[in-house]
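First comes the structure, then the notes that go with it.
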Amino acid sequence: QLQLVESGGGLVQAGGSLRLSCAASGRTFSSAAMGWFRQAPGKEREFVATISGSGGRTYYADFVKGRFTISRDNAKHTVSLQMNSLKPDDTALYYCAARNNLYALREARFYDYWGQGTQVTVSS
């Protein structure tokens with residue numbers, strides 16, 4: 001069982017940066033692939049980035065490649081999302097999620113635990 005708590009959201013101007021963090025409680029963190037998803041008002045939840053349990057593999061949605069970086073610290077039980085060159089279209093509620101599996105996948109249906117989300121708002 002994992003409990004996830006996101007932090008780091010806020011209001012930023014276009015072109016700015018934010019760093020989201022997700023703190024996980026539970027003994028199985030290092031064996032859990034972690035992901036970030038987002039949901040904008042009126043839109044479906046979408047995949048942003050994922051990282052394998054070891055941190056050796058990462059995958060990104062095409063719309064964030066080169067701008068966002070996912071990382072994890074298994075000793076601290078945290079996963080982060082560094083977001084640079086933010087655009088108004090990045091405005092959404094960002095969720096941290098965890099799988100009961102080492103392998104990173106893009107589909108939300110494969111994730112077993114979810115945080116409450118942290119709001120990111122990018123002004124133009």
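The values are calculated or read from the model by the stated rules, or taken from the named source; none is laboratory data. For clarity, every value in this text was computed on a predicted model and none was experimentally measured. When we count neighbours, we look across all protein chains shown, and the Cβ atoms used for this are built from the backbone with ideal geometry, even at glycine. SASA here: full protein model, heavy atoms, side chains in, ligands and nucleic acids out. Shrake-Rupley method; radii C 1.70, N 1.55, O 1.52, S 1.80 Å.
Overview of values
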item: When the convex hull of its Cα atoms is projected in every direction, mean area for the range 55-107 (nm²); result: 4.4 nm²
item: Accessible-area composition of the range 35-99, carbon plus sulfur, in percent [1.4 Å probe]; result: 45 percent
item: Cα radius of gyration and Dmax for the chain (Å); result: 13.3, 42
item: 112, 73, reordered so the largest accessible area comes first (probe 1.4 Å); result: 112, 73
item: Stretchable slack from residue 100 to residue 1, in nm (0.36 nm times residue separation minus alpha-carbon distance); result: 34.8 nm
item: Average silhouette area of the range 32-72, convex hull of alpha-carbon atoms, in square nanometres; result: 3.1 nm²
item: Estimated inter-spin distance, residue 57 and residue 44, nm [label 7 Å along Cα→Cβ]; result: 2.4 nm
item: Accessible surface, the chain, averaged per residue in Å² (probe 1.4 Å); result: 52 Å²
item: Karplus (6.51, -1.76, 1.60) ³J(HN,Hα), θ = phi - 60°, over the range 84-98, in Hz, Gly and Pro reported as x; result: 10, 6, 5, 10, x, 5, 7, 4, 4, 8, 9, 10, 9, 9, 9
